[in-house]
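The values are calculated or read from the model by the stated rules, or taken from the named source; none is laboratory data. Because the structure is predicted, anything quoted here is derived from the model rather than measured. Glycine gets a Cβ as well: all are built from the backbone with ideal geometry, and neighbour counts include every protein chain shown. Heavy atoms of the whole protein, side chains included, go into the accessibility calculation; ligands, DNA and RNA do not. Shrake-Rupley method; radii C 1.70, N 1.55, O 1.52, S 1.80 Å.
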Amino acid sequence: MSSASAPFDTSNPGTDAPGAGSRGALARLYRRDLPAYPATGRRMSYLAIVVVTTVVLYYMLYIQYAVATSIITHFDMTYRYFVWVSVIGNAFGAFASLVAGLADRWGRANLVVYGLLIAALLVFFGLPNADDKTAYLVLFAVVSVIEGIVLVATPALIRDFSPQLGRATAMGYWTMGPVIGSLVVTSVTSSTLDSASWQDELRYSGAAGLIVFVVALFALRELSPGLRDQIMVSLRDRALVEARAKGLDTEAVRRGEWRQMLRLDILGSAFAIAVFLLLYYAAVVYFSTTFGYSEQRTNGLANWYWAANALALIVAGLLSDRLLVRKPFMIVGGIGAIVATAVFASLATHATTGYYTFAWLFVAIGVFSGIAYAPWMASFTETVEKRNPAATAAGLAVWGWTVRIVVAVSAAFIPVLVTSVTPLVEHGAEVAAAQKQAAPALAVVNAHPQLFAELGKYTPTTTPADLAARAVKEVGPADLAVVQKAQPQLKVLKEYGPKVQKAAKDGPGEWRTWWWICVGGQVLFLPFVFVMAGRWSPKKAREDARAHQDAVDRELAALVVSEA
């Protein structure tokens with residue numbers, strides 16, 4: 001069993017140690033380390049706080065994508081500008097993830113608690129009151145920085161409080177952070193967008209963040225560096241881990257931790273899971289542009305995916321821990337997701353494909369993604385531990401950076417590959433509304449195409465008298481008035497109609513190419529399963545667990561003898 005240390009003085013008592021009260025009530029708000037591994041009840045409460053914190057943080061982050069159309073309209077953004085809001089936000093978040101790995105010595109719990117506070121204040125007060133689109137971009141970039149930091153700190157805390165034999169279940173619950181966060185987003189918006197503005201939707205999420213912050217501020221703790229920098233296979237290791245923590249060198253094993261993380265099993269696995277999730281990044285934009293779904297209807301469709309994914313994460317985590325293996329689940333989930341996404345790619349570009357066909361395809365993709373992802377998270381932390389258990393934050397920082405870079409690149413690349421997105425997002429709704437409002441006028445114009453083509457060469461004040469008289473005679477004063485009243489809508493149709501029509505025709509084929517790229521990302525995920533830590537066979541895994549326990553028993557016995 002490996003052990004490592006971090007640059008803290010572990011001789012100081014933790015916040016819950018005898019005499020800790022002398023630090024004062026305020027000290028408990030930043031000195032959060034525990035000198036002993038917590039009992040099961042307290043450990044579960046810490047895990048629950050981390051999961052709820054992750055849920056609300058992702059709720060605050062993802063809410064802007066659920067009301068993207070409204071934000072674009074409010075700030076008069078182009079779709080490309082909104083894409084760059086996402087690209088820049090994810091790029092900042094990527095490098096913030098690396099900073100979180102470096103700043104881990106400040107305390108993982110502190111990064112989570114105070115990061116949550118900053119994010120909640122920005123979402124509640126900052127983003128809804130942004131003066132213009134530039135201010136919105138800057139504020140969202142700051143929110144993304146906080147999210148990038150917490151993305152590293154929260155799974156690190158989950159790893160600390162979950163021995164390997166229960167890791168997949170714990171990581172399944174943590175992964176429900178972005179999943180339930182997304183489900184909350186789609187549930188709230190699909191229920192409230194009829195009566196609430198996009199600013200209200202952001203404030204709802206910010207208020208939720210402030211409530212959870214108060215709970216985390218007073219209740220969240222973390223293991224001391226001496227405890228967390230060791231591998232803990234099962235709860236039966238507790239006595240040995242605590243005994244070892246008393247004599248750890250606080251500097252030695254942390255040296256070279258970043259170099260140790262820049263290996264194929266760490267970097268390759270992080271990249272593989274990032275491209276595995278490509279499909280999910282673009283789905284909302286796709287359904288609103290190609291099928292004309294409203295924000296509310298699109299978010300309702302996403303609920304099917306998130307609900308199925310949440311259930312699969314928990315079930316897969318429990319089964320993975322029961323069988324003591326990760327890799328078979330990753331392979332089954334990966335292959336299932338490939339098949340379901342391939343079917344989706346084949347059907348999604350047909351306008352006749354129904355809402356509930358998409359819903360059931362989303363259920364299948366969500367289930368198989370969950371089967372793969374919870375065991376993957378467990379296996380990734382165990383792969384990091386195999387290199388150096390003291391480098392957990394550094395390993396997760398590499399993962400966080402990689403995921404965000406892939407998201408940023410994919411967001412920037414979609415408008416380049418799917419050129420139809422920009423005119424449909426920017427003018428699709430406007431053209432559709434103009435088409436509806438100008439329907440009577442269009443009927444008149446279409447009945448006299450040559451006449452109105454000639455009239456279009458002039459303004460009302462410069463129209464030749466003979467042409468005007470001819471128009472009155474052929475069309476009639478009433479119908480001419482109808483056409484005149486609809487001039488603003490007809491102008492929109494003339495300026496943007498052809499572009500939108502062409503985009504609607506080209507869009508399905510362009511999107512089909514992107515969905516097959518997503519399938520390729522899922523295929524790329526599979527070979528990297530083989531470089532990660534863990535057994536394929538439950539029988540071999542049980543033999544390893546027994547051998548480990550025998551080693552722990554021998555070392556504990558030796559400690560008792562030496563102390564006697």
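Some observations on this one:
- Of all residue pairs spaced 6 or more apart or on separate chains, those with beta-carbon atoms under 8 Å, a first member in segment 502-531 that is in contact (Cβ under 8 Å) with a residue 24 or more places away in the chain and a second member that is open to solvent by less than 60 Å² (accessible area, probe 1.4 Å) and of a type in the set (D, E) are V531/D265.
- Taking segment 462-490 as the range and being part of a loop (DSSP other than H, G, I, E, B), surrounded by 14 or more Cβ atoms within 10 Å (Cβ to Cβ) and of a type outside the set (S, T, N, Q) as the test, only A486 passes.
- The residues of segment 182-214 that are open to solvent by 50 Å² or more (accessible area, probe 1.4 Å) and either assigned to a loop (DSSP other than H, G, I, E, B) or touching a Cys at 6+ places or on another chain (Cβ under 8 Å) (or both), listed by number, are D194, S195.
- Residue count, segment 529-549 (criterion: among the small types (G, A, S), farther than 19 Å from G334 by Cβ and surrounded by 13 or more Cβ atoms within 10 Å (Cβ to Cβ)): 2
- Criterion (aromatic (F, W, Y), more than 17 Å from the chain's Cα centre (by Cα), closer than 28 Å to A270 by Cα and at pLDDT below 95) met by exactly one of F344, F358: F344
- Filter pass, Y373 being modelled with pLDDT under 90 and either crowded, with 24+ Cβ neighbours inside 10 Å or in a helix (DSSP H, G or I) (or both): no
- Of all residue pairs spaced 6 or more apart or on separate chains, those with beta-carbon atoms under 6 Å, a first member in segment 311-339 that is in a helix (DSSP H, G or I) and a second member that is of a type in the set (F, W, Y) and open to solvent by less than 10 Å² (accessible area, probe 1.4 Å) are M330/W376; G334/F525.
- Filter pass, I414 being at pLDDT below 85, farther than 29 Å from W258 by Cα and open to solvent by less than 20 Å² (accessible area, probe 1.4 Å): yes
- The single residue among T381, T357, T392 that is open to solvent by 10 Å² or more (accessible area, probe 1.4 Å) and touching a helix residue (DSSP H, G or I) at 6+ places or on another chain (Cβ under 7 Å) turns out to be T357.
The rows are residues; the columns are (1) modelled with pLDDT of 85 or more; (2) under 23 Å from V152 (Cα atoms); (3) in contact with a strand residue (DSSP E or B) (Cβ under 7 Å, 6 or more places away or on another chain); (4) of a type outside the set (S, T, Y).
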| residue | (1), (2), (3), (4) |
| --- | --- |
| R259 | yes, yes, no, yes |
| A272 | yes, yes, no, yes |
| V275 | yes, yes, no, yes |
| S288 | no, no, no, no |
| E295 | no, no, no, yes |
| Y305 | no, no, no, no |
| L313 | yes, yes, no, yes |
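- Only one of A429, A408, A434 that is farther than 24 Å from A307 by Cα, open to solvent by 50 Å² or more (accessible area, probe 1.4 Å) and not in a loop (DSSP other than H, G, I, E, B): A429
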